[in-house]
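The values are calculated or read from the model by the stated rules, or taken from the named source; none is laboratory data. Just so it is clear, the structure is predicted and the values come from calculations on it, not from any experiment. We place every Cβ from the backbone using ideal geometry, glycine too, and count neighbours over all the protein chains shown.
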Amino acid sequence: MYNHKTPFAKLALASAVALAISSGTAIAQDTTKLRISTHFSVETLSGSLAAEFVDDVTMMSGGSIEIDMFYGGSVVKATETFDAAVTGVLDCDMTGGAYQVGKNPAFQFAGDLNGGYSDPYQQYSWLLHGNGYEALNTLYNANDMEFVGWWIPGPESLVSTKPIRGVDDLDGWKFRAPPGVITNIFDRLGASPIVMDFNEIFTALETGIIDGADASTIANNVGLGLYDIGEHTNYPGFHSMPADHLACRKDMWDDMPEAHQRILTVAMQALALKTTTKQDIEMQKAAAELREKGVTLYTWPEEEMQKYREAVAATWVEYATTPESKELLAAHLDFLKDIGAVK
């Protein structure tokens, strides 16, 4: 029998310590390098919050996750970011699922259930507690990507050079729209949606190519300078509440240390909370400032909102044309029924 003071025990202890140190060093030296692109410019609130996300990940990982963040679509357009990650030009896409509806209409329901959720927290509840991660990754994994998380600014506000008091004012209204179901909804309401990239909105408004834009929240619209041209908007927003995402190339994600996967997932949840709460504050401030500057803010009455909801409900059914889109829409609706939000 021996104790910790015998030479053999000391040697065994020393070997165990050396192994632990060497293993720990190996883990510490694991480095994940990510090239991520977001369509938001760094000057906007969302862009500055994306920069905070990078800092959080760097600090939590002790520098073992290195992120090069490209802002304002500086590498590729928002619609091309997903494919750029899949093909290795980038590693992760920090735009939104609705930009990929050309691949499968299911991606619409991966980003925005227009008019379905009443606020971001209800939508986060589906993701965190309604099996949302699994439902989304059924779609994303089939397209060689891993869904990591959402960050939802909140209800968006339309920008317009003309009054937008209700549905009648949408007749013939030419506006920038993102790809996806929103174009079908507004076309049903008489508008003329034009799909164009995020960074083309200002020039298109300035030159009169469009009368308005579905761009972002009222706060982000201020950051983009859109109210310097369009002096009409709606607040609070109602038509859209898109969830921007972080999605990374599937094979790269699978090769990543599990600790790094967890850091990125939790950092996205922190970004989600910071984004929604900060945007809510900034939207209220922006609305007050715009009123002071003479911008007209419209709040649609209930009868106009009902017309919008009817258009949304009809378009959802029309848009869900693939098995994946039907399954994802059903996953949302089942949750909304469970909590009594829809019948």
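Just a few scattered comments:
- Among the residues making up region 37-85, those that are touching a strand residue (DSSP E or B) at 6+ places or on another chain (Cβ under 6 Å) and within 19 Å of residue 111 (Cα to Cα) are 37, 38, 50, 81, 82, 85.
- Residue check for residue 132: in contact with a strand residue (DSSP E or B) (Cβ under 8 Å, 6 or more places away or on another chain), under 20 Å from residue 269 (Cβ atoms) and at pLDDT 95 or above: no
- Residue 271 out of contact with any Ser or Thr (no Cβ under 6 Å at 6 or more places or on another chain) and in a helix (DSSP H, G or I): yes
- Candidates are the residues of region 205-222 that are small (Gly, Ala, Ser) and either under 17 Å from residue 164 (Cβ atoms) or surrounded by fewer than 22 Cβ atoms within 10 Å (Cβ to Cβ) (or both); the one that is farthest from the chain's Cα centre (by Cα) is 208.
- Within region 309-325, the set of residues being outside any loop (DSSP other than H, G, I, E, B), in contact (Cβ under 8 Å) with a residue 12 or more places away in the chain and within 19 Å of residue 139 (Cα to Cα) comprises 316, 319, 324, 325.
- Check on residue 292, within 30 Å of residue 61 (Cβ to Cβ), part of a helix (DSSP H, G or I) and acidic (Asp, Glu): no
- Boolean, residue 247 is buried (at least 20 other Cβ atoms within 10 Å of the Cβ), among the small types (Gly, Ala, Ser) and within 28 Å of residue 92 (Cβ to Cβ): yes
- None of 51, 26 is modelled with pLDDT under 95 and not in a loop (DSSP other than H, G, I, E, B) except 26.
- Per-region count, region 140-180, residues of a type in the set (Val, Ile, Thr) and over 30 Å from residue 266 (Cα atoms): 4
- Hey, residue 147 assigned to a strand (DSSP E or B) and in contact with a Phe, Trp or Tyr (Cβ under 6 Å, 6 or more places away or on another chain) or not: yes
- Any hit, region 308-329, residues being within 30 Å of residue 228 (Cβ to Cβ) and in the same structural domain as residue 212 (by TED's automatic domain parsing): yes
- Cross-chain or 6+ apart pairs with Cβ under 6 Å, region 82-96 first and under 22 Å from residue 46 (Cβ atoms), then hydroxyl-bearing (Ser, Thr, Tyr) and surrounded by 24 or more Cβ atoms within 10 Å (Cβ to Cβ): 90/37; 93/81; 94/38; 95/81
- If you filter region 77-107 down to residues that are assigned to a loop (DSSP other than H, G, I, E, B) and within 17 Å of the chain's Cα centre (by Cα), you find that the one that is surrounded by the fewest Cβ atoms within 10 Å (Cβ to Cβ) is 77.
- Summed over region 165-188, the residues that are in contact with a helix residue (DSSP H, G or I) (Cβ under 7 Å, 6 or more places away or on another chain), in a loop (DSSP other than H, G, I, E, B) and crowded, with 18+ Cβ neighbours inside 10 Å give a count of 3.
- Count of residues meeting criterion [in a helix (DSSP H, G or I), among the hydrophobic types (A, V, I, L, M, F, W, C) and in the same structural domain as residue 64 (by TED's automatic domain parsing)] in region 215-258: 2
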